[in-house]
Amino acid sequence: MWAELLPVGRSAASGGYRRFAWNSADAECRAWFEQQARSRGLTYELDRNGNQWAWLGDPQAGGAVVTGSHLDSVPDGGAFDGPLGVVSSFAALDELRARGTEFTRPLAIVNFGDEEGARFGVACIGSRLTAGVLSREAAYDLRDATGVRLPDAMEKAGYDPTAIGADDDRLARVGAFVELHVEQGRYLAEGRPVGVAGAIWPHGRWRFDFHGEANHAGTTRIEDRRDPMLTYANTVLAARKKAKHAGALATFGKVAVEPNGTNAIASLVRGWLDSRAADERTLTELVAEIERAAAERGERDGVRVELTRESYTPVVEFDGPLRDRLAKLLDAPVLPTGAGHDAGILASAIPTAMLFVRNPSGVSHSPAEHAEVADCLAGVTALADVLEDLACQ
């Protein structure tokens with residue numbers, strides 16, 4: 001399974017992956033998921049939001065145990081973030097069948113669409129829509145960098161966008177969701193190969209628009225310039241300094257410039273801030289401080305600054321009894337994480353938990369992302385043990 005997925009959407013230039021929502025690589029991944037489901041005799045289903053499901057047992061029976069993750073990537077992302085969870089879910093089912101396990105509850109494997117938000121700027125779109133966190137109207141307003149609307153992209157890929165929205169009936173049939181994921185950090189580096197997630201830091205994405213004045217780079221005097229690039233650059237430095245002081249994280253990882261000419265002063269710079277903190281108060285105060293720093297510098301530069309919050313996820317405490325049950329079953333450490341996941345989105349609606357597989361370097365969202373085969377196999381066994389404990393009692 002892993003070998004089949006490795007070449008899909010991989011850039012020959014960077015070695016990273018470009019599996020974005022509703023593009024050709026995404027279609028290949030979706031076809032792979034469907035084939036894996038049908039080859040195992042599972043009931044394949046596509047839900048109203050484009051998420052894929054593979055069912056063992058009656059999907060309508062209720063109390064289902066669900067596992068899985070996502071198959072999309074960030075721009076030039078790694079091979080493990082997302083796909084490891086999906087591949088491990090099918091492998092865990094294979095292991096349970098080899099054990100002769102008899103299930104007393106329905107089991108499902110899911111591939112949630114557009115988890116990374118690489119194309120439309122909002123993370124976890126598939127699970128957000130399902131949980132009702134993202135409304136149909138808001139989803140319809142989302143556009144990619146070329147101006148293509150989310151529903152138009154879905155329709156072009158052969159899916160019906162008219163039905164997207166909250167899926168309360170489906171979630172009511174799920175008793176627990178357990179997501180396996182490669183660790184995006186190094187808490188497990190010197191310890192056990194598998195850990196259990198305790199909580200997800202609150203996090204969000206904010207767009208800063210720096211409005212200046214386009215002009216000639218070779219003829220405009222320094223004192224006559226209204227250069228938004230200066231304000232943007234100062235804001236990036238301020239964000240780093242203030243985040244370090246607060247014990248939080250702030251990253252400007254995406255920027256767009258207009259008119260984007262070498263010999264032209266920019267008229268507009270857009271920068272996207274990703275910020276995370278251990279608690280919501282710290283995060284709110286941090287973003288407010290960054291906004292103030294941007295506005296103060298903008299006043300000096302003759303640049304107008306606008307801030308738009310594009311997405312936000314509050315702190316997620318995974319289901320306590322489920323988390324403790326898994327940690328005891330696996331004799332595994334409980335870890336914090338600053339990364340968002342579909343399990344975090346669903347946590348407000350159903351009991352959720354996460355397993356992490358050791359990442360020796362801690363590198364993620366990069367082609368250098370890695371996990372050893374032995375650790376991945378330990379993850380499969382751990383997930384199989386969890387599913388057996390939850391779905392066979």
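The values are calculated or read from the model by the stated rules, or taken from the named source; none is laboratory data. Quantities reported herein were computed from a predicted structural model and do not represent experimental measurements. When we count neighbours, we look across all protein chains shown, and the Cβ atoms used for this are built from the backbone with ideal geometry, even at glycine. Side chains included, ligands, DNA and RNA excluded: accessible areas come from the protein's heavy atoms. Shrake-Rupley method; radii C 1.70, N 1.55, O 1.52, S 1.80 Å.
Observations on the model:
- FRET efficiency, Arg281 to Asp168 (Cβ-Cβ, R0 35 Å, nearest 0.05): 0.65
- C-alpha long axis of helix 373-391 to longest principal axis of the chain, angle in °: 60
- Residues whose amide H falls under 5 Å from that of Ser311, counting only those 5 or more places apart or on a different chain, are Arg205, with hydrogens built in the peptide plane.
- Looking at the chain, the DSSP beta bridges with both ends there are about 70 percent antiparallel.
- Dipole of the chain, positive end: most advanced residue of Cys29, Val269, Gln184 [Cβ charges, Cα centre]: Val269
- Over the range 14-143, accessible surface divided per residue gives 32 Å², non-protein components excluded, 1.4 Å probe.
- Extending 7 Å from Cα along the Cβ direction at Leu377 and again at Lys156 yields two label points whose distance is 4.3 nm.
- Calculated [222 nm] ellipticity per residue, helices only, for the chain: -11000 deg cm²/dmol; basis is -39500 (n - 2.57) per DSSP H run with n ≥ 4, divided by all residues, nearest 500.
- Förster radius 25 Å - calculated FRET efficiency between Glu4 and Thr146, Cβ distance, rounded to 0.05: 0.25
- For the range 271-344, averaging the sequence separation of C-alpha pairs within contact (under 8 Å, six or more residues apart) and dividing by the residue count gives a relative contact order of 30 percent.
- Projected label distance in nm at Ser135 and Glu223, using a 7 Å step from Cα toward the beta-carbon: 5.1
- Estimated dipole of the range 35-112 in Debye, rounded to 20 [Cβ of Lys and Arg +1, of Asp and Glu -1, Cα centre]: 260
- For GluC sites (Glu not before Pro), the sites in the range 41-106 that DSSP calls loop and that have at most 11 other Cβ atoms within 10 Å are Glu102.
- The range 330-364-the range 288-326 distance, computed between alpha-carbon centres (Å): 21
- Ratio Rg/Rh [Cα only; Rh per Kirkwood] for the range 323-393: 0.98
- Counting only Cβ charges, +1 for Lys and Arg and -1 for Asp and Glu, the dipole size of the range 1-149 around its Cα centre is about 100 debye.
- Residues of the range 61-95 with amide N under 15 Å of a point placed 7 Å along Cα→Cβ from Thr43: 61-66
- Peptides 325-337, 134-146, 16-28, 251-263 ordered by average Cβ neighbours within 10 Å, highest first: 16-28, 325-337, 134-146, 251-263
- Centre separation in Å (Cα based) which lies between the range 73-93 and the range 366-386: 10
- Relative contact order of the chain, pairs being alpha-carbon contacts under 8 Å that are 6 or more residues apart, as %: 23
- Length released on extending from His216 to Glu102, taking residue separation times 0.36 nm less the Cα-Cα span: 33.7 nm
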